[in-house]
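Visitor: If you scroll down you'll find the structure; I have some questions about it.
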Amino acid sequence: MTPYEIIRKKREGKQLSSEEIEFFVKGFIEGNIPDYQISALLMAIFFNGMTFEEIMALTSAMTRSGEVLDLSSIAGIKVDKHSTGGVGDKLSLTVAPLVAAAGVSVPMVSGRGLGHTGGTLDKLESIPGLKTQLSILEFITNLKRIGLSIMGAFEKMALADKKLYSLRDVTATVDSIPLIASSIMSKKMAEGIDALVLDVKTGNGAFMREETQAEKLAQTMIEIGKRMKKKVAALITDMNQPLGKAVGNAVEVKEAIQVLKGEGPEDIKELTLALGAEMLILGKKAKDFKKARRILQKVLDSRQGLKKFRELVEIQNGDGRVVEIPEKVLPEAKVKLKVESRKSGFVQKIDCLEIGLSAVALGAGRENLESKLDPTVGLLIEKKIGDEVRKGEILAVVLANEKHMGEEVVQRILAAYTIGREKVSPPSLIKKIVSSEK
């Protein structure tokens, strides 16, 4: 078999055998298949999809393309949480410390920004000194000491996915269910976890714009987990507007800290408790959602989650003072520009994708593989769907280091808002909870 034959077969909509998929995956890692042929296969998969058997074969091959962590030395059920990517989604920074403080070990191998969405590692690295590239020994040691560790993919983890991940970003093949499912699950299975809670976003700012597609993705990943003998649950959640107020890196860390203090936006708090509750259930710390949520609320109220976040920062060489004085520890942008409404009415709609792309344009995300992030820049969203707004009132604040770029983004944000006379209700945050048990 040759790469050309496999690409042509998939281009024609035919099912690839597990041997053909294994051949291609092996070629990724050994460098025998050039990027342009990998890109061609990605595009063929994007347009023609994959059967579940193909998705399983791809996930399995990518998992086995690198090392698989052995976390058996850590007591209890190890539970991770993963988001399919959103705008203003800083939930790993709030959920993980709360769940760990409640007694469940949370090993979290996280990613960087992809497309218009932010990455957990990029946010954490805005904290001075904080290290996200850990050795496996450091990762496991931290888990044993504080029940929580967040790092980037270790050197030999799901090696094939690293090339696929970067090429998907620059070839506009990110929003493909087979590619998303196999990418996420190959990395999660390589973590050595026992259970996983997924936050699958849907809406105009998500890779899965339609709720039916989001549910299909969730079911696909749950079934992959089931075949690999892992417990998986998923929440289908709204991404028709940014989560919380902050969109960026340092500003999202600051907002996450506010939430862990019992303050901050209600939508972040609600989703933090919901995702965390599912993690406690899978971690056998609570029998049902109501009890699990009550446990987490106590942890939040007592600020044990905040304490755990500080432990995480310090154990990974970061400046722990960020918890008490984030405004002094975190870097800040030089320019702040107000986005003022041009008319009165109610916010009918927000183009969440445009909000995310505007943050990328400021430097909060990557436009290409070589892009360097600016941790200081971003947006503060002051008005959300359903809010009343008067002419001249602030819709958002642009945080920039170059005034001309900030002014361009002001115009983009204005265009992203639809304001009308009719009062509308905000979209429901949690659409559905899906699991293999239900």
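The values are calculated or read from the model by the stated rules, or taken from the named source; none is laboratory data. Just so it is clear, the structure is predicted and the values come from calculations on it, not from any experiment. Heads up, the Cβs are rebuilt from the backbone with ideal geometry, glycines too, and the neighbour counts pull from every protein chain shown. Ligands, DNA and RNA are stripped out before the accessible areas are found, and what is left, the full protein with its side chains, is counted by its heavy atoms. Shrake-Rupley method; radii C 1.70, N 1.55, O 1.52, S 1.80 Å.
Visitor: Here is a list of conditions, (1) surrounded by 18 or more Cβ atoms within 10 Å (Cβ to Cβ); (2) part of a loop (DSSP other than H, G, I, E, B); (3) at pLDDT 95 or above, and Ala44 meets all of them except one; can you say which number that is?
Guide: (2)
Visitor: Go over the candidates Leu357, Leu399, Leu395 one by one and state the one that is under 17 Å from Glu340 (Cα atoms) and either in contact (Cβ under 8 Å) with a residue 60 or more places away in the chain or within 23 Å of the chain's Cα centre (by Cα) (or both).
Guide: Residue meeting the stated conditions: Leu399.
Visitor: Okay, next question. If the requirement is being of a type in the set (Val, Ile, Thr) and open to solvent by 10 Å² or more (accessible area, probe 1.4 Å), which of these qualifies: Ile177, Ile127?
Guide: Result: Ile177 is the single residue among Ile177, Ile127 that is of a type in the set (Val, Ile, Thr) and open to solvent by 10 Å² or more (accessible area, probe 1.4 Å).
Visitor: Further question: If a residue must be among the aliphatic types (A, V, I, L, M) and either in contact with a Phe, Trp or Tyr (Cβ under 6 Å, 6 or more places away or on another chain) or part of a strand (DSSP E or B) (or both), how many such residues does segment 78-93 contain?
Guide: Qualifying residue count, segment 78-93: 1.
Visitor: Let me ask another. Give just the number: which of (1) open to solvent by less than 10 Å² (accessible area, probe 1.4 Å); (2) farther than 14 Å from Gly85 by Cβ does Gly203 not satisfy?
Guide: (2)
Visitor: Small (Gly, Ala, Ser), under 28 Å from Ala286 (Cβ atoms) and part of a helix (DSSP H, G or I): which single residue out of Ala75, Ala96 fits that description?
Guide: Ala96
Visitor: Something else: If we scan segment 428-437, do we find a residue that is under 17 Å from Thr376 (Cβ atoms), open to solvent by 20 Å² or more (accessible area, probe 1.4 Å) and touching an Asp or Glu at 6+ places or on another chain (Cβ under 8 Å)?
Guide: No, there is no match, as no residue in segment 428-437 is under 17 Å from Thr376 (Cβ atoms), open to solvent by 20 Å² or more (accessible area, probe 1.4 Å) and touching an Asp or Glu at 6+ places or on another chain (Cβ under 8 Å).
Visitor: Okay, moving on. Which condition number in (1) modelled with pLDDT under 95; (2) buried (at least 18 other Cβ atoms within 10 Å of the Cβ); (3) at negative phi; (4) in a loop (DSSP other than H, G, I, E, B) is the one that Val109 fails?
Guide: The single condition Val109 does not satisfy is (4).
Visitor: Name the residues in segment 140-172 that are assigned to a helix (DSSP H, G or I) and without any contact (Cβ under 8 Å) to a residue 60 or more places away in the chain, would you?
Guide: Thr141, Lys162, Tyr165
Visitor: Which one of the conditions (1) within 30 Å of Glu407 (Cα to Cα); (2) buried (at least 21 other Cβ atoms within 10 Å of the Cβ); (3) in contact (Cβ under 8 Å) with a residue 24 or more places away in the chain does Val313 fail to meet, given that it meets all the rest?
Guide: Of everything listed in (1) within 30 Å of Glu407 (Cα to Cα); (2) buried (at least 21 other Cβ atoms within 10 Å of the Cβ); (3) in contact (Cβ under 8 Å) with a residue 24 or more places away in the chain, Val313 misses just condition (1).
Visitor: What strands (runs of 3 or more DSSP E) completely inside segment 173-265 contain at least 1 residues that are more than 16 Å from the chain's Cα centre (by Cα) and touching a residue at least 60 places away in the same chain (Cβ under 8 Å)?
Guide: Those strands (runs of 3 or more DSSP E) span 195-202, 231-238.
Visitor: Among the listed residues Val377, Val339, Val397, identify the single one that is under 23 Å from Gln258 (Cβ atoms), touching a Phe, Trp or Tyr at 6+ places or on another chain (Cβ under 9 Å) and not aromatic (Phe, Trp, Tyr).
Guide: Result: Val339 is the single residue among Val377, Val339, Val397 that is under 23 Å from Gln258 (Cβ atoms), touching a Phe, Trp or Tyr at 6+ places or on another chain (Cβ under 9 Å) and not aromatic (Phe, Trp, Tyr).
Visitor: I'd like to know if segment 302-313 contains one or more residues that are closer than 26 Å to Leu373 by Cα, touching a strand residue (DSSP E or B) at 6+ places or on another chain (Cβ under 7 Å) and of a type outside the set (D, E, K, R).
Guide: Taking every residue of segment 302-313 in turn, at least one turns out to be closer than 26 Å to Leu373 by Cα, touching a strand residue (DSSP E or B) at 6+ places or on another chain (Cβ under 7 Å) and of a type outside the set (D, E, K, R).
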